[in-house]
Every structure is written in structure tokens, then in C-alpha cells.
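Scroll down for the structure; my scribbles are underneath it.
The values are calculated or read from the model by the stated rules, or taken from the named source; none is laboratory data. Keep in mind it's a predicted model, so treat the numbers as computed, not measured. Note that each Cβ is placed from the backbone with ideal geometry, even for glycine, and that neighbours are counted across all protein chains shown.
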Amino acid sequence: MHLALFIIFAGLCVAGALNLLLQRHPINSALSLIVVMSSLSVLYLLLGAEFLAAAQVIVYSGAIMVLFTFVIMLLNAGREERTHGSKLAYIAGFPGAAALLGLLAYIFLSQRTTFGNARLGEYLATTGDLSRVLFRDLLLPFEVTSVLILIAILGAVALARKEH
Amino acid sequence: MDTRLLAFLLISLVKVIVVVVILLMAVAYTVLLERKLVGRIQNRWGPSRVGPFGLLQPLVDGAKLFLKEDLMPEAVYRPLYILAPIIALGCALMSIAVVPFGANIPWKGVDLFQISDVNIGLLVLLGITSIGVYGIALSGWSSNNKYSLLGALRASAQVISYELALGLSLIGVVLRTGSLRLRDIVDIQATHGLLSWNFFGGFQFVAFFIYLMAAYAETNRSPFDLPEAESELTAGYHTEYSSMKFAMFFMAEYGNMITVGCVATLLFFGGWTSPFGHFGQGGGPVSTAFLSIFWFVIKVFFFLFLYIWVRGTLPRFRYDQLMGFGWKFLVPVAIANIVATSFCIGLRLPVH
Amino acid sequence: MVPIAYYLVLSAILFSIGVAAFLIKRNIITVFMSIELMLNAVNLTFVAFSRQWSQATGHLQVSGQLFVFFVMVVAAAEAAVGLAIIIAVFRARNTLNVDQIDLMKL
């Protein structure tokens, strides 16, 4: 059951990410990224992080990606064209990414037994568990992020405003 | 396979089918209710020809929409043009999955009146409704029509802005309950009937009105129906849609209305509990079940009525008024409500 | 039952695809989206390691999940500011191609 769900949603993740890479039109890339993020939220659920799964859907799929599609629609972004820079990036990009993937996958798979196995239904982190740590041990970082958000809102308004 | 798992799967499947059928019927009859009520408000009869009091009108409407030609305009971006109404309707139907309709009556270990009881039910509802905006945004963009695009841009900006006020207005209720599970939220309102509902006893009426206004904007209903403002944008985001695809947007809108009614009932008006507390309760599990369903349906019906009443009464906002209202009025008031609520709860807590 | 290493390998795959997309894509919005993809891949690593730590210590550990929470907050702020910058750049240059946006002054 767990393995089947993992394979389905991991497959969706990888397919979505590859589609993001291969599509030429930004709106298609945005939609495939939404697929990746929504499938990731299911994987969070499988790992017992139920609050994060909901937050992932609300924050990433429901807010950030809506902003992206909004900007794509607003600027009416068309298909991207190939340039000299992209040829250079092809030569450097694919081997670099493949080497990174090979290295990481080798390390993770060689340490497979020390990481252990995840079973469904164990170590479920409820919202209460998260908030107990968040509001006791990590209260200062939490407050600092709220200031960060405030600054980000002000910055976004100042940047996007038309100058007269 | 394990027989318990099999029974669980079978009962869940039956529950899903029953709920979807009832929901679609409710959507059809909400449309009729709207036409009738708006008719009465405008001093005319509304549909009255098909069946007694026009009661068979939804079936005829459905048949008409089904039999119409499904036009596919030349210039649309096909994959998204077809996907958009599916997303809209799918999200509208999916959000009902976590809503409890009646008292907790288990049968063979399965809750009869709720499809799935999850710990984070409220967040799941918010998440699914926030995905629903893609239906509108993509339909407008893929139609390749300036009116549709304007409608979609208005819709995405409006939904993102009002989602903030909507989420903030629910925090007061969550603070009072200490849980995001919808059954827990109803259970703490069940003790003294009307007096312990969050709206009256919980002093969350400010939050309720913020929720109501933000939810009207989220579902693109009048007076916030700018994305489909017919006097400015022909029909907004669904200008290019016809036949069943149009019907799917239509059903999604009414499905979302029903979800909003359910959430308002659960969070502020005690869900399935009776307004008279335990007075007149008692009897076997069957009568308890019927009474709880009865109260739930009555309350949701009241909210649908309110929706239509507001539509028949208020004129549409201007766009800058809409944004100003959301950001400069609803959000600050919602934050003030959170501060006041948490202050009251903090005062009542024992000092360590 | 799934080995936690599989989750980590999945996140490595997503991160590498994000790196490749970041280098290859020419549209500034898509480049920004590949950054979001990389952030998501790292988030999956955090959740997986949080689970692994819980299993290693025998009781629930949520620090990894809280880190993901903070990453989400910062990503939201970053998306708001980044998209505002993209709109400002588009107004000034009338293009979204990163190769044509290579001057510091307007």
C-alpha cells in the first residue's frame, strides 16, 4: 500500500518536473510545477507530516503558483526562444545536473540500511506537536519571519507600483 | 484481502456515490431556488411552467445543456480549455469530502455521515478551495479572448486577496476549539444549544461576518461577481464556453456556494446540533440521526437563501472598491478579532 | 513499507531537474519556477530526515518539519518580491528573456 502510493506520486513528481523542463510555454511549466507540489503534499502525508501537507497545498499550490500564473497571464508571456546562452547552458547544465544526481543517489542508496524504513501510520506529527515546539523553542524565529513577510509585502508594493 | 478493509472500502464507495448524487441534486435545486427567489424579489414568478411550481425545471435545464452543441472555438488553447472546467467542478465537489453532515453514528466502524474524518479537515477545505481558482484562471487564459482574460485576472487577484481575510477570520474559531478537526469544532458548540454556538456564545459574530463577505468574494458571487460581470465583460471567464463545459462552471459555482454554507454552519452555527440544546432530544439512534441531518440541512438552506437574498439586493462593487474593502477593512478587522479572542482566552486560562 | 532512502533519492532527482531547468530555461519566470522546484526538493529531504530522526531516537522529532515551515514562509515572501521585480523589469525592458536583461542600470 505505502509502496504503491509512493511509486504513483513519486512518478507524478518526476513526470511533472521533467515536463517543467521540456515545455516551452511558461504556463505549461507552471501547471506541471503545480502537479509536482500537489504530489509532494501526498508524500508528506505518507511521511506523517499532515500539517505540512495541508500547508504545502495552501501555500505553494494555492497561493504562490496562483501568483505565478497571474504574472504569466498579466505579462502575456509567450513561448521562449533559443539563444546563444541556452546552448552554452546545455553543454554545462545537463552533465552538471547528472553528476549531482549520481553523487547524491549513490550516497543515499549506499546508506540505505542506516536510514531505515518508513511505515505508514507511525510518528504522525499532529498540528499540536508542531505548535508546541514552534511557539516555545522557536518563538523568536517565528516572530522574525512575520517581520520578513511584512517587509516583503512593502517591497512588492513599492516595486510593482507604477511611477508617475 | 482483509474483510474489514473490504467493508471499509465498500461503505466508503457507497458514501461517496450517495453524497455526490445528493450534492448534484442540491446544486440543481439551488439554481431553481435562486431563479424563483430572485423572481419574487423582482416581482415576477420565476420558472413556473415545467411541473408543479416549476419543480421539474432543473431536469429540463440539464437536458437542454446536455443536448446543446459543444462549440470549440478556433483560437483556444485546447488542453487547458478542456481542463479548466474539470478543475473547477472537481474542486467544488471534492471539498464536500471532509464535511460532517450529522451526528457521529458509526456502523461497522465507519462513520455514516462523513466521507472522511481527518485531523486537519479545516485546512483540507481551505486547500481544495484555493486550488479551485485555477479553473477560472486557466479558462480565461486559454479562451484567448480579452473579456475572458480580464475576468480571469480579476478572479485570481480577488481570490488571493480575500483568501487572506477568509483564513484569518477562521482563526478565532480554531483558537476557541484548539483543533482543526471539524467534528471537534462542532462538539464544543453542542453543550447548550444556541447559547454555545460560536456565533452567539463564542462572540465570533465579527469573524462570521468577515467570513461571509470573504466567502462571497471567493465564490465570485454578487456583490463581488466582477470576474463574470455581465454588464462589463459579457460573461467574463466563461464567455467562450458552451453546452456541458459551461454547465460545469455553473455547477461548480453552486457547489462552492453549498460548501460555503456548510462551513459557515459547522464553524459558527453549531453544525448538526439543535438550537435548543438537549431539549427535545432523546429517542433511539435513528431519530438522533434524522434530527441532526434535519438541523444541518435547515442551516445550510438558510445560508443559500442569504446568498440569493444578497444577490437580489446589493449592486456590484467597483474593482478598486473591492480591493480596498478586502485589504483595508476586512484584513485589519480580522486581525483585531484574533487579538481580542486570544486575549479573552488568555484571561480565562489558569496562570502558571 | 518504503525505505527512507527512496524519498531522499526522489528529492535528489527533483533537485537535479531543478538545477538543469534553472540553467537551461531562458524565460525569467520559468527560471524562478525552477528555484521553487529546488526549494520543494529540499523540503522533501527535510521531512524525510525528520522522519528518520524520529525513528532513530524512538520518539517524535519535529524540527525538520518546522524547518520546512520556515522555508515555506520565506518562499512565499521571495515569490511576492521576485514577481514584483519581474513585473518592474518587464516594464523597463519589455522582454522576459534573461539573455537580454544583462545590464545593471535601466
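Remarks
- Residue satisfying condition, being facing another protein chain (nearest Cβ under 8 Å), of a type outside the set (Asp, Glu) and either part of a helix (DSSP H, G or I) or surrounded by fewer than 22 Cβ atoms within 10 Å (Cβ to Cβ) (or both), within set B:Tyr162, B:Tyr81, B:Tyr134, B:Tyr147: B:Tyr134
- Only one of C:Val71, C:Val81, C:Val89 that is facing chain A (nearest Cβ under 7 Å) and farther than 23 Å from A:Leu22 by Cα: C:Val81
- C:Ala41 meets all of the listed conditions (1) of a type outside the set (Asp, Glu); (2) more than 22 Å from the chain's Cα centre (by Cα); (3) more than 7 Å from every other protein chain (Cβ to nearest Cβ) but one, namely (2).
- Filter pass, C:Phe22 being under 29 Å from A:Phe108 (Cβ atoms), touching a Ser or Thr at 6+ places or on another chain (Cβ under 9 Å), more than 7 Å from every other protein chain (Cβ to nearest Cβ) and in contact (Cβ under 8 Å) with a residue 24 or more places away in the chain: no
- Residue match in the range A:39-54 (condition: part of a loop (DSSP other than H, G, I, E, B), within 14 Å of chain B (Cβ to nearest Cβ) and touching a Phe, Trp or Tyr at 6+ places or on another chain (Cβ under 7 Å)): yes
- Residues within the range C:43-60 that are surrounded by 21 or more Cβ atoms within 10 Å (Cβ to Cβ) and without any contact (Cβ under 8 Å) to a residue 12 or more places away in the chain, tallied: 1
- Under the condition of being loosely packed, with under 12 Cβ neighbours inside 10 Å and modelled with pLDDT under 75, the residues counted in the range A:89-106 number 0.
- Residue within the range A:62-71 that is assigned by TED's automatic domain parsing to the domain that holds A:Phe9, in contact (Cβ under 8 Å) with a residue 40 or more places away in the chain and assigned to a loop (DSSP other than H, G, I, E, B) present: no
- Of all residues in the range B:115-131, those satisfying the criterion of being among the small types (Gly, Ala, Ser) and in a helix (DSSP H, G or I) are B:Gly121, B:Gly127, B:Ser130.
- For B:Gln114, the conditions (1) in contact with a helix residue (DSSP H, G or I) (Cβ under 7 Å, 6 or more places away or on another chain); (2) more than 10 Å from chain A (Cβ to nearest Cβ); (3) under 25 Å from A:Leu52 (Cβ atoms) all hold with the exception of (1).
- The residue pairs whose first member lies in the range B:142-163 and is in contact (Cβ under 8 Å) with a residue 40 or more places away in the chain, whose second member is of a type in the set (D, E, K, R), and whose beta carbons are closer than 7 Å, counting only pairs six or more residues apart or on different chains, are B:Ser143/B:Glu240; B:Asn145/B:Glu240; B:Ser148/B:Glu240; B:Gly151/B:Glu228; B:Val159/B:Glu218; B:Tyr162/B:Glu218; B:Glu163/B:Glu218.
- Residues being surrounded by 21 or more Cβ atoms within 10 Å (Cβ to Cβ) and assigned to a loop (DSSP other than H, G, I, E, B) - total across the range B:240-275: 7
- Of all the listed residues (A:Arg136, A:Arg119, A:Arg161), the sole one being surrounded by fewer than 16 Cβ atoms within 10 Å (Cβ to Cβ) and under 24 Å from the mean Cα position of the chain (by Cα) is A:Arg119.
- Within the range B:195-239, considering residues that are assigned to a loop (DSSP other than H, G, I, E, B) and among the aliphatic types (A, V, I, L, M), the one surrounded by the most Cβ atoms within 10 Å (Cβ to Cβ): B:Ala229
- Test: A:Ser131 is under 21 Å from A:Gln23 (Cβ atoms), in a helix (DSSP H, G or I), within 14 Å of chain B (Cβ to nearest Cβ) and at pLDDT 85 or above: no
- A search for C-beta distances below 6 Å between a residue of the range A:101-124 that is closer than 20 Å to C:Phe15 by Cβ and any residue that is exposed (fewer than 13 other Cβ atoms within 10 Å of the Cβ), counting only pairs 6+ apart in sequence or on different chains, returns nothing.
- Pairs, first farther than 19 Å from C:Asn43 by Cβ and more than 7 Å from chain C (Cβ to nearest Cβ) in the range A:1-28, second among the charged types (D, E, K, R) and in a helix (DSSP H, G or I), C-beta under 6 Å, six or more apart: none
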